[in-house]
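Reading through the C-alpha cells given below for one structure.
Values quoted throughout were computed directly from the atomic coordinates according to the rules given, and no laboratory measurement underlies them. What you see is a predicted model; the values in this text were computed from it and never measured. Here the Cβ is made from the backbone with ideal geometry for all residues, glycine too, and neighbour counts use every protein chain on show.
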C-alpha cells in the first residue's frame, strides 16, 4: 500500500482519494423481479469481502480518504450489460454512487465533468 500511496503523492500531490468500498454480492435480481441467493457467490463473497474490508481499513489508516457510503445489501443484476458477476449490480447501486460523487465534486467542476464521462 505504501508504494501506491507514495506514487499518488508524487504524481498528483493535490489529489483526493475517493474510496468505493466494493464488496462481492450474492443476491441476484432475476427476470421475474424475485431475488435469488447464489450459494457459490455467497461462499466466495464471505471470504473475499473480509479481505476487502481489511484493505480498505489499511488505506484509511494511511491516508485521508473520502469513502462512498454503500448499503450493505448489494443486489446483482442478472441482465447486467456485462453479464452476471459478483460486482455487476442493479442500477440503483450505480445511481447512489453517482449522486455521492456529484455531491463530493460540486465545487470541482473538472472532477464533475470527468464523472459524467464515466456514466
How would 56, 77, 64 line up from fewest to most surrounding beta-carbon atoms within 10 angstrom? 64, 56, 77
Once the chain is represented by equal point scatterers at the alpha-carbon sites, with solvent omitted, what log10 I(q)/I(0) does the Debye formula produce at q = 0.21, 0.23 Å⁻¹? -1.23, -1.30
Over all Cα pairs of segment 1-49, how is the pair count split among 5 Å bins, expressed in % and running from 0 up to the last occupied bin? 5, 17, 14, 13, 11, 9, 10, 10, 8, 3, 0
In Å and from the alpha-carbon atoms only, list the Rg and Dmax of segment 56-109. 13.9, 38
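Full extension from residue 80 to residue 12: what is 0.36 nm times the residue separation minus their Cα-Cα distance, to one decimal in nm?
In short, 21.1 nm is gained.
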State the antiparallel share, in %, of DSSP beta bridges confined to the chain, rounding to the nearest 5. 40
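Taking 8 Å as the Cα distance limit and 6 or more residues as the minimum spacing, I'd like the relative contact order of the chain as a percentage. Write down the numbers at each step before the final one.
On the way: 130 pairs, mean separation 30.9, N = 119.
It rounds to 26 percent for the chain.
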Can you compute the FRET efficiency between residue 69 and residue 30 using 1/(1 + (r/R0)^6), with r the Cβ-Cβ distance and R0 = 35 Å? Round to the nearest 0.05. 0.85
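Can you sort 68, 28, 58 from fewest to most other Cβ atoms within 10 Å of each residue's own Cβ?
Working: 68 15, 28 20, 58 12.
Fewest-to-most ranking of 68, 28, 58: 58, 68, 28.
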